[in-house]
Structures are given as structure tokens and as C-alpha cells.
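A quick write-up on the structure given underneath.
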Amino acid sequence: MKTLTSLTLAFALSVSPVAAHVQSVRTIGTPAGTGRMPAIAQGRADAPGYTIYRPAKWPRQRLPLVLWGNGGCRDNGLSASHFLREIASHGYLVIANGAPREERPVMTSLPPANGPRPTGAPPPRATPDETQASQLLGAIDWVKRSDLARHADLGRIAVMGHSCGGLQALAAAADPRIDAVVAFNSGVYVRAGSGLSGVGITKDDLAKLHTPVAYILGGPDDIAYPNGSDDVARIAHVPVFFANSPIGHGGTFGLANGGDYGRIGAAWLDWQLKHKPAAGAMFTGPDCGLCKDKQWTVVRKQFPEKP
């Protein structure tokens, strides 16, 4: 009996690392996205503050890394899940701030752009951000230490985010490891400290941007419109792409595959990180893809004429 127990223990110890790894990874939902690599969302016990999006089947080539900040800087890495699966399906490893807490079903249509608060309703109060810009950059170091390192190309890294998460992306963009930036429905507060977010970034910090940056805003009804459009007016040292559509602050993240935001985000990454001219055609030249779309208005600064 003693010998059997010893053998059983030895066997358990020999397989426990593999078993533990299998048990530590949880897949949420089913593969999705319009890219060539349908993608999944995962939570991992060894990355409790993150949600991972990746192709369901790893390709042979290493994937560029995309870091994502959630709207409201919330600790929910599933808040833009339909959009992020779409991004990953185009051949990206995406690490979103926040644990995988709650996923909403796909929306069939967008809600009103920004309805007024009910009469007499108090204004929202500032509360501490649930995630941080430093957490975005910490994901790079986590990937280096993890089993995902063999799948990631850490020479090609982008930061993106929505609203407060867009501020996190803009703050993290100063890091020299970052190669591309997208801020959705976001912009640095015109008056420092006047908003709900605690992200430590000011207008002066925009001078630290060192890569092309895209601002995607939701029209005058987008609460971030004044801040984002002011950022665009101020930035004079790196290429800036500013696209605007009257869809409000929530964007199209909740639509199937992230709607227009998924299409724009994937194309920007394909152009900036993979240098695909066809993707760049959405943004460059007098007949750029978004320039011809009547739902969008476009402003470009310090921008190339060709992809």
C-alpha cells in the first residue's frame, strides 16, 4: 500500500504541471471574426488582471501584440469582446486590461448616440480607475515570461483603447516599445483633472507620442469629442488620422465583429504593423476608403499621400 501511494504521488507530480496549465486556461465563447484566423477569448490563472484574445489555431508566424484599455478603465476584459475577437482574427495577439468578467450579447443596432440624463439626475461621480495604464505595459513583460512568448512578435506592438481606456493607450504610447496607437472616443481633458478618469496624462504629454496615431470619434454628441478634436489640433510632430461619425460615445464595439470600429481598427493595425498597402488605402490618398464613406469625415495631419 505504501509503495502504491508513493507511485501514485510520483505520477501526480510528473503530470501536475501539464494538468495545472490545462486547468488554468478558460476559453470564453466560440471562435469569431472575419479575418483568416477565427479568434477566441481566454482567461488565465497566471494572468488574473488580463483577458487574452488570439487565433483559435496558432499560425506558424509570430503575431504582433495589441494592448487594449477598456471603456471606463473597467476591470472587465470582455467589455469589447466582439471587437477584440475581430482584431485577433486578423492575426494579432491581444491582451486586454481586466479579468474576463461579463460578456454582453451582440447588438443588432446601435442605441441613441447619447441620450440626456433624466431630469434631476445627479452628475456621475469620479471613482478610482479599476485598471491602470501601467497595467497595459505590464502585459508586455507578462508575455515575455509566459508560454505565449513563442507566439508573439514583441518587435511590433500597438496600444488601443476606448474612452478612459483610450487615455490609458495615449499614456502608454510614450513607451519606446510602442509602434502604433488608436484612441477610440477619447482625448486628453482640456482642463487637467476635470473628468472622471484618474489617468495621469496632460496635453503636454502629447509631445511624447512617437508613432502615428488615429483618433476615432463619435461626432459632437460624443462626450470625448471636444477633448479628442483638441488633441488632433495640437499634435504637430507625428502623423495623425482623425475619423469622425455621428454615432455617439459608445462606438460600434457591441455590433457583430465590432462594426465599423472593427473594420477600421484591423486595417490600421495591418497598415502600421504589417505594412500592407491595401490596408493603408483606407487612410491615405484623396480617395481613401473612409474619405469616400459618407458616414465619416476625415482630417489628416503630417500624413503620407500613399500607403
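Numerical summary
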{"read-out": "Filter result for F283 (surrounded by 14 or more Cβ atoms within 10 Å (Cβ to Cβ), touching a residue at least 24 places away in the same chain (Cβ under 8 Å) and within 28 Å of Q135 (Cα to Cα))", "value": "no"}
{"read-out": "Subset of region 234-258 (residues that are more than 24 Å from D179 (Cβ to Cβ) and either without any contact (Cβ under 8 Å) to a residue 24 or more places away in the chain or hydrophobic (A, V, I, L, M, F, W, C) (or both))", "value": "I247, L255, A256"}
{"read-out": "Criterion (closer than 30 Å to D46 by Cα, in a loop (DSSP other than H, G, I, E, B), among the aliphatic types (A, V, I, L, M) and in contact (Cβ under 8 Å) with a residue 12 or more places away in the chain) met by exactly one of I201, I223", "value": "I201"}
{"read-out": "Restricting region 248-263 to residues that are assigned to a helix (DSSP H, G or I) and within 14 Å of the chain's Cα centre (by Cα), the residue that is surrounded by the fewest Cβ atoms within 10 Å (Cβ to Cβ)", "value": "R263"}
{"read-out": "Among (1) under 20 Å from the mean Cα position of the chain (by Cα); (2) more than 22 Å from E130 (Cβ to Cβ) - the single one V182 does not satisfy", "value": "(2)"}
{"read-out": "From the options A169, A183, residue that is buried (at least 24 other Cβ atoms within 10 Å of the Cβ) and assigned to a strand (DSSP E or B)", "value": "A183"}
{"read-out": "Count of region 265-275 residues which are free of Cβ contacts under 8 Å to residues at least 60 places away in the same chain and assigned to a helix (DSSP H, G or I)", "value": "2"}
{"read-out": "Any hit, region 41-58, residues being in contact (Cβ under 8 Å) with a residue 40 or more places away in the chain and part of a helix (DSSP H, G or I)", "value": "no"}
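Where a number appears in this text, it was derived from the coordinates with a stated rule and is not lab data. Fair warning: this is a prediction, and the values are worked out from it, not measured in the lab. Virtual Cβ from ideal backbone geometry, glycine too; neighbours counted across all protein chains shown.
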